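Below is one structure, written out as C-alpha cells; the observations come after it.
The values are calculated or read from the model by the stated rules, or taken from the named source; none is laboratory data. All values derive from a computational prediction rather than experimental measurement. Quick reminder, even Gly has a Cβ in these numbers, built from the backbone with ideal geometry, and neighbours come from all protein chains shown. Heads up: the accessible areas ignore ligands, DNA and RNA and are worked out on the full protein's heavy atoms, side chains in. Shrake-Rupley method; radii C 1.70, N 1.55, O 1.52, S 1.80 Å.
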Amino acid sequence: MSRIAVVLACVPAVVVALIGACGVVVNPTGGWVWPPDDVNVSEAVATRNYAEVVRLLENGADPTHPNVVRASLLTSRPVVAIPVEAAVMARNAAMLGLLMNKGAVVTPGMAGKLKCLNAEYPDQDVKAMLDQLAPGDLPHCPVN
Amino acid sequence: MSIAQSVYNIPIQVSDSVEVIIESRRPVSSWALMTEMSRSSATTLRPVRYLQARWLGELADAAGVPNHVVFRGVHAALALAIVVLFAWVARVRSLTDVAALGVALTVLVGHHTFGAMMRESFPVNHYAEVACGALVILGIAQRRPRLAGQVTAVVILAAGLLLIESAVLLWVVLVGCVALRFPGLSRRTAVAATVVLALYLAARPLLGIRSPGLGGHGTGWLAASYSADEVVARFGANPWPFYAYNVLAGALSVVASEPRSGVYRVLEGIQTGNWPPVVAIHLISSLVLSMVIAAYARTAWRRPETRQLWIALAILVVSALLCATYVKDDIVSTAGVFNAVAAYVALCLLFDGGSERGLRPAIALVGILSVAPLWAFRSVGTHFDLRQTAFVTRNDWVTDRPSWIGDSQERYQRFTALRAEAIRHRVTSPSFLPRWERYWVE
C-alpha cells in the first residue's frame with residue numbers, strides 16, 4: 001500500500017488531534033476553541049441562557065440596569081435594553097417570568113412600554129403575561 | 001484529552017442524576033443501600049448504580065471538593081479510558097498500524113453513539129463503564145493467560161450485571177473470545193462467566209423483577225417519535241413488527257448512522273424538504289466505512305490476530321436485540337465502540353495489503369481517503385454536541401424545588417448545593433458557536 005496514501009488517510013485525524021491538544025494546553029478550564037460566554041444580563045436573556053441570568057443576578061447584577069446587547073443577538077445592530085425588554089424582544093415568556101421572580105419589577109408604565117415592544121416582536125405567551133400586569137388595550141406606541 | 005475536557009465541562013444533570021446522588025446517601029450503610037436498591041424497581045436490577053453514586057458523593061465530602069469535580073471527573077476519566085483502552089487493544093506494531101489507529105480513533109469519537117454515551121450521566125454513564133469493561137476483557141483475551149486476568153474478567157462481568165442490563169455484552173465478549181480461541185481466556189473462565197450470568201438471570205424473577213415490555217419508553221418509528229402511550233396504542237395488539245423494526249434500527253444506527261433512536265432523518269428530509277448536510281455526512285461516512293469493513297471481514301476471519309472484528313459483529317447483533325422494546329443511541333454505544341475496533345482491523349488489513357492487487361484494495365483505499373476527512377469532521381461534531389449539552393444541562397438547573405425532595409431539609413440542602421455548583425459553572429452558549437454548525441454537525 002502506497003505510503004503516501006496511508007499518510008493522506010490519517011492527516012485529518014492528526015489535524016483534529018493537534019487542535020484538540022492545543023485547546024487543552026492553552027486553556028485547560030474551558031478550552032481555547034470554546035471558551036465560556038462573557039455576557040451581561042441582557043445578553044444572557046437574549047441568548048436564552050437562563051442559568052447565566054441566575055448566576056449574574058445572584059452575584060449582584062442589577063435586573064433593571066440597561067446593557068448593550070451585541071449585534072445579531074436580538075437585532076442586526078447593537079441595542080441597549082434592560083433585561084425585561086430583552087426578554088420581550090427575544091419572545092421569551094419564561095425568561096420574563098424568571099426575571100420578575102429574581103427581582104425585576106415591572107411597573108404599569110413599564111408594562112405599557114413592553115406591550116409596545118411585544119407588538120413589534122409578537123409572542124402570545126409574552127402578551128398574556130403583560131396583559132396580566134397591565135390589563136387593557138395596547139397603549140399609544142411611539143413610532144421609531 | 002480534548003474529549004475528556006468537553007465531557008468534564010458538562011454540569012451534573014438534574015434528571016437521572018440528582019435524585020440518585022441524593023437518594024444514595026439516605027440508607028445508613030452501603031450494604032443497606034445495596035439490599036434496598038436490589039428490590040426498589042419492578043423492571044431493573046441496578047444496585048451498583050446507587051452504590052457508586054454513594055461512594056463518589058462520600059469521596060467529594062471527604063476530600064472537600066465540589067461534587068462536579070468527582071462525578072464529572074469520573075465521567076471524563078471514562079472518556080479518556082475508552083480511548084486509551086482502544087489503543088491498548090489495537091496492539092500497534094508498525095507505522096501503518098499507527099495510521100490505521102489514527103483514522104479509527106476519529107471513527108470511535110465521531111460516531112454518534114459515542115456522543116450519546118458522553119452526553120448522558122446517570123450520574124455516571126453506565127454504558128461508558130460497560131464499553132470500558134468490554135475493552136478490558138478483549139485486551140485480557142488478546143494477551144498471555146494469567147489467573148489475575150481470568151478473575152478480573154469475571155469480576156467485571158458480575159459488577160456490570162448489577163450496574164446495567166446491557167452488561168450482558170461483557171459475557172458476549174468473554175465467551176466470544178474463548179470461542180474464537182483468543183489466548184488470554186480459558187474455557188473454565190467462560191464457564192464461570194456463564195454461571196454468573198445464569199445466577200443473575202435466576203435472581204431477577206426471585207426478586208420480583210421482570211423485563212420491561214412495550215410501553216416502558218418512547219421511541220421512533222419511520223420519521224416520527226412516539227411516546228410510550230402512543231407506542232402501546234399503535235403496536236400493542238401485535239408488537240412483533242415493532243420489535244423487528246427496533247432491532248433492525250439498532251443495528252443500522254451503528255453501521256449506517258441512520259436511523260437515530262428509531263427515527264429516519266432521511267425520511268424526515270423527504271417529508272419536509274429540509275436536508276441538513278449533516279445527514280449526508282453521517283450516512284456516507286458510515287456506509288463507506290461499513291463496506292470497507294465487510295470487504296475485509298473474511299480476511300480477518302482467517303487471521304487469529306484480527307478476529308476481534310467478529311467480536312464486534314457479535315456485539316452488534318446482541319446490542320440490536322437489546323433495542324427490541326425501544327431504540328436509544330446509548331443502548332448501542334458499546335457496539336459503536338466495537339464498530340471502531342472493526343474499522344481498525346479492516347484499515348490495518350488494507351494498509352498492510354503489501355502486494356495485494358485487484359479491485360478490492362483500490363476501491364477500499366479510495367473509499368477511506370474520501371471518508372477519513374468526514375470522520376475527522378464528525379469527531380469535531382462530537383465536541384459541538386457536548387458543548388450544547390453542557391448549555392442545556394446547566395439551564396435545566398433553573399428549576400423549582402423538585403417534588404421528590406418532599407419535606408426533607410437534608411435532601412433540599414444537598415439539592416441546593418448541587419444546584420449552586422451547576423449555576424457557578426460557566427459554559428459556552430450555542431449562540432456564540434458558528435451558525436453553520438447547526439446544519440453541518442450535530
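For the reader, a short list of remarks on this structure follows.
- Of the helices (runs of 4 or more DSSP H) contained entirely in the range B:55-159, those carrying at least 3 residues that are more than 30 Å from B:GLY262 (Cα to Cα) and modelled with pLDDT of 95 or more fall at B:67-90, B:126-142.
- Contacts under 8 angstrom Cβ, first residue in the range B:364-384 being facing another protein chain (nearest Cβ under 8 Å) and more than 18 Å from B:MET118 (Cα to Cα), partner outside any helix (DSSP H, G or I) and at pLDDT below 90, 6 or more apart: B:LEU365/A:MET1
- Scanning the range B:160-190 for residues that are in a loop (DSSP other than H, G, I, E, B) and either of a type outside the set (Gly, Ala, Ser) or touching a Phe, Trp or Tyr at 6+ places or on another chain (Cβ under 6 Å) (or both) returns B:LEU162, B:LEU163, B:ILE164, B:LEU180, B:ARG181, B:PHE182, B:PRO183, B:LEU185.
- Selection status of B:CYS323, within 14 Å of chain A (Cβ to nearest Cβ) and not polar (S, T, N, Q): no
- Residue within the range B:420-428 that is buried (at least 24 other Cβ atoms within 10 Å of the Cβ) and part of a helix (DSSP H, G or I) present: yes
- Helices (runs of 4 or more DSSP H) contained in the range B:275-341 and holding at least 3 residues more than 18 Å from B:PRO259 (Cα to Cα) and under 21 Å from the mean Cα position of the chain (by Cα): B:308-322
- The residue of the range A:104-131 that is surrounded by the most Cβ atoms within 10 Å (Cβ to Cβ), among those that are over 18 Å from the mean Cα position of the chain (by Cα) and outside any helix (DSSP H, G or I), is A:VAL106.
- In the range B:403-416, the residues that are assigned to a helix (DSSP H, G or I) and surrounded by 13 or more Cβ atoms within 10 Å (Cβ to Cβ): B:ILE405, B:ARG411, B:TYR412, B:ARG414, B:PHE415
- Residue check for B:VAL318: buried (at least 24 other Cβ atoms within 10 Å of the Cβ), modelled with pLDDT of 90 or more and of a type in the set (Val, Ile, Thr): no
- Residue, modelled with the highest pLDDT, within the range B:344-355, restricted to residues that are facing chain A (nearest Cβ under 8 Å) and open to solvent by 10 Å² or more (accessible area, probe 1.4 Å): B:ASP352
- Exclusive hit being open to solvent by 10 Å² or more (accessible area, probe 1.4 Å), closer than 30 Å to B:GLU58 by Cβ and in a helix (DSSP H, G or I), set B:VAL392, B:VAL380: B:VAL392
- Qualifying position, being modelled with pLDDT of 90 or more and over 26 Å from B:ASN9 (Cβ atoms), among A:PRO63, A:PRO108: A:PRO63
- Residue that is closer than 22 Å to B:ALA158 by Cα, touching a helix residue (DSSP H, G or I) at 6+ places or on another chain (Cβ under 8 Å) and more than 14 Å from chain A (Cβ to nearest Cβ), where the choices are B:ALA128, B:ALA116: B:ALA128
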